[in-house]
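The values are calculated or read from the model by the stated rules, or taken from the named source; none is laboratory data. This structure is a prediction, so every number in the text was calculated from the model and none was measured. Cβ atoms come from the backbone with ideal geometry, glycine included; neighbour counts cover every protein chain shown. Note: areas computed on protein heavy atoms with side chains; ligands, DNA, RNA excluded. Shrake-Rupley method; radii C 1.70, N 1.55, O 1.52, S 1.80 Å.
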2 protein chains.
Amino acid sequence: MTTEETARTGAEPQAEQEHDVFAQLCPSREMFAELADKWSLLILMSLSACGPQRFSELQRGVGGVSRKMLTQSLRNLERSGLVLRTVFPETPPRVVYDLRPLGRELAELVAPLGHWTERRARQMLAAREEFDAAHPEGSR
Amino acid sequence: MTTEETARTGAEPQAEQEHDVFAQLCPSREMFAELADKWSLLILMSLSACGPQRFSELQRGVGGVSRKMLTQSLRNLERSGLVLRTVFPETPPRVVYDLRPLGRELAELVAPLGHWTERRARQMLAAREEFDAAHPEGSR
DNA sequence: CGGCATCCGCCAAGATACTG
DNA sequence: CAGTATCTTGGCGGATGCCG
């Protein structure tokens, strides 16, 4: 029996405080749900790839993100200890975001995911066309 | 200049058909956006950790997922060539989902992300409490 | 510049009931 | 069992405007 299976057949849901992303009400699931979204992952990847960046740099870097979503996602990442926000009290003010050790750890796991997607995108698109051709809408 | 930066300062957006998840309208971004969601990632992790599973097994395995979202996410994964859906024409019918090579590749990148979240959940929760304590709501 | 507040459309996602 | 169909709604996420 693997570690995963052990966790999921789990004896005590919280006796030893084991975390299990598969469990609906486990704290780790809540964290996972917050991290597992488009913008958060792209922000982590951008900070990891390009180093510390200002708000507007991030907005340009992560194509299509609105100021609102960027602010929200950054706030979440900051709140969870993944990202450090530094304000330089100049005029105009300058705000720089950077990865904290925890965030850098995560970013190094996320980056491969992005690269994989880029490498395999074409293949997945081809699979789609084939699938769509085989299922002319409304079969099944 | 890193590979990432090269891609993002990108000379030709589509000349060499380079894919860039940071670009809003790049196909790879579309794929990334579909994969980078809670349910899809958890399904991939479940299939990777526990092997081929039936619909209802998956629903039990991935805590809190509704039949609708499970169906939708599985359909997407199948459509993109990541997951294989096999119907055994019995009564009652049996449908088994399994990873295809492409999906297995991805799942092996995603699994570490889940494990990391479980390992660091406590730490992130602590960071949150500290953050929330330092920002008693409505500061800034 | 780097936000926060507000309004709002619209789609994701839950609940429920029905089918093969 | 493994879905599909329909309805409803919460909240994601965009647009805009104001502030420090």
Please determine, by comparing only the residues of segment B:86-112 that are outside any helix (DSSP H, G or I) and within 13 Å of another protein chain (Cβ to nearest Cβ), which one is nearest to DNA strand C (Cβ to nearest atom).
-> B:Pro93
Output the residues belonging to segment B:72-85 that are more than 10 Å from DNA strand C (Cβ to nearest atom), more than 10 Å from chain A (Cβ to nearest Cβ) and open to solvent by 10 Å² or more (accessible area, probe 1.4 Å).
-> B:Leu84, B:Arg85
Go through (1) over 20 Å from A:Phe22 (Cβ atoms); (2) open to solvent by 40 Å² or more (accessible area, probe 1.4 Å); (3) free of Cβ contacts under 8 Å to residues at least 40 places away in the same chain one by one and return the number of the condition B:Ala127 breaks.
-> (2)
Filter result (in contact with a helix residue (DSSP H, G or I) (Cβ under 8 Å, 6 or more places away or on another chain) and more than 14 Å from DNA strand C (Cβ to nearest atom)) within segment B:59-71 = B:Gly61
Counting just the residues of segment B:18-41 that are more than 7 Å from chain A (Cβ to nearest Cβ) and not charged (D, E, K, R), which one comes out farthest from DNA strand C (Cβ to nearest atom)?
-> B:Cys26
From the set of residues in segment B:75-106 that are among the β-branched types (Val, Ile, Thr) and free of Cβ contacts under 8 Å to residues at least 24 places away in the same chain, which is farthest from A:Met124 (Cα to Cα)?
-> B:Thr91
Among helices (runs of 4 or more DSSP H) entirely within segment B:24-74, at least 3 residues that are closer than 26 Å to A:Leu42 by Cβ and in contact (Cβ under 8 Å) with a residue 24 or more places away in the chain occur in B:27-35, B:38-50
Where A:Glu118 falls short, out of the listed (1) open to solvent by 80 Å² or more (accessible area, probe 1.4 Å); (2) more than 11 Å from DNA strand C (Cβ to nearest atom) = (1)
